Structures are given as structure tokens and as C-alpha cells.
Amino acid sequence: MQKKQWMKGLVLAALGAAIAAVIKRRTIPKGVKAVAGFEKDRYLGRWFEIARFDFYFEKHLSLVTATYTSRDDGTIEVVNRGFDYYKSKWQQSTGRAKFTGDEHTGSLVVSFFGPFYAGYNVIAIDPGYQYALVCGKSRKYLWLLSRQKTMPAAVKEHYLHIARDFGFPVSRLTWTQQD
């Protein structure tokens, strides 16, 4: 009888560990969907950050851009650049992104620090690949991106509506100075 209880406990512990591993590996917030029909080659190039949820690595940055370039190994080089207006100097980080699965779904992970990857999910994009709404693995990370230094008010409102519908607290957005 004691052996049966021990085995049952072992199975429950293994199941709990497996569930925890799946949750830990999640790269997109629960209930949020990355875009289908994503076209990597059209996404490559330079994007201007229009707004973001502020966090440590982007604190005090203006003139923020992200440039995506295809690499020979199938991954994407990511160069994030911005001007730190407190320190009066440019900051740049170079990393690598890779798809979490199918390359036609806008769900990727990106790393700027060795083996540590974070979610990068394109959750809305216009047909011309001029404007994008991107989130991280949780609702703590959100970006509005544009190929130009500005975003039309109608597009901005549309993306804010999408973000609200997905449960993002859009009142937390910091609007990036691009001039």
C-alpha cells in the first residue's frame, strides 16, 4: 500500500514538473495569438519604436530603432539602438532571434545575453508591413513599431484597441521621442 502511494506521489510530482516546464517555456501571453501568414523577408529591415512598456534596458531612451537582418544560419540578427538622454550617449544591443516553430507564424524568441531567450511575438501587422504590434512573453512587454518615425492616428488607435482586447494595460505605454 505504501509503495502505491509513493508511486502516485512520484507521478504527480513528475506531472507538476512537466506542467511547470511548459509554462516556463511559454513565449507568448496566454490568450494572445501571433500573426499567421507572417513573411520574414518583408519584416526584415529597420523599424522605429513608436511606443513601449518601459523597462530597465530601455529606460531613458529616445530615437529607438530595431533593425532585423537575415543570417546565414537561418536566424535573424537584431540590432536595437537608442539615445540615452540622461547620459547623452547612444546605446546599442545586438542579439539573435529565431522562430519558435513555423516561420509563417510571427512567434520568435530573441537573445541578447547568450543562452537566455525571451519571447518576441508579432501580434498585429498591416498588409504592407509598415506598422507592427509586438509583445513579449508576458503582458509586461509591448511595442508599437513603424517603418517611419511616426504612426498615423488611425493605425495607432487600431493597435491600441487590439492590445486592450488582448488584456494589455495600454495606459502604461511610454511614447518614444523620434525627433
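The values are calculated or read from the model by the stated rules, or taken from the named source; none is laboratory data. If you're wondering where the values come from, they're calculated on a predicted model, not measured in any experiment. So basically every Cβ, Gly included, is an ideal-geometry build from the backbone, and we count neighbours across all protein chains shown.
The figures follow:
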item	result
Conditions (1) more than 21 Å from Lys33 (Cα to Cα); (2) among the hydroxyl-bearing types (Ser, Thr, Tyr); (3) out of contact with any Asp or Glu (no Cβ under 7 Å at 6 or more places or on another chain): number failed by Thr69	(3)
Region 62-83: number of residues that are small (Gly, Ala, Ser) and either exposed (fewer than 11 other Cβ atoms within 10 Å of the Cβ) or out of contact with any Phe, Trp or Tyr (no Cβ under 9 Å at 6 or more places or on another chain) (or both)	2
Pairs with Cβ under 7 Å, 6+ apart, first in region 71-85 and part of a loop (DSSP other than H, G, I, E, B) and polar (S, T, N, Q), second buried (at least 17 other Cβ atoms within 10 Å of the Cβ) and modelled with pLDDT of 95 or more	Thr75/Ala97
Hits in region 35-61 (condition: exposed (fewer than 14 other Cβ atoms within 10 Å of the Cβ) and farther than 26 Å from Thr100 by Cα)	Lys59, His60
Sole exception among (1) exposed (fewer than 11 other Cβ atoms within 10 Å of the Cβ); (2) at pLDDT 95 or above for Tyr86, by number	(2)
Unique residue being of a type outside the set (Val, Ile, Thr), modelled with pLDDT of 95 or more and either in contact with a strand residue (DSSP E or B) (Cβ under 8 Å, 6 or more places away or on another chain) or over 19 Å from Ala132 (Cβ atoms) (or both) when the list is Glu49, Glu58	Glu49
Elements of type strands (runs of 3 or more DSSP E) in region 129-179, at least 3 residues being in contact (Cβ under 8 Å) with a residue 60 or more places away in the chain and either surrounded by fewer than 16 Cβ atoms within 10 Å (Cβ to Cβ) or touching a Lys or Arg at 6+ places or on another chain (Cβ under 9 Å) (or both)	142-146, 173-175
Those residues of region 101-120 which are touching a residue at least 40 places away in the same chain (Cβ under 8 Å), surrounded by fewer than 19 Cβ atoms within 10 Å (Cβ to Cβ) and either acidic (Asp, Glu) or not in a strand (DSSP E or B) (or both), in sequence order	Glu103, His104
Filter result for the condition that a residue is farther than 17 Å from Pro29 by Cα and within 15 Å of the chain's Cα centre (by Cα), over Leu133, Leu173	Leu173
Unique match (being of a type in the set (A, V, I, L, M) and in contact with an Asp or Glu (Cβ under 7 Å, 6 or more places away or on another chain)) among Leu133, Leu145	Leu145
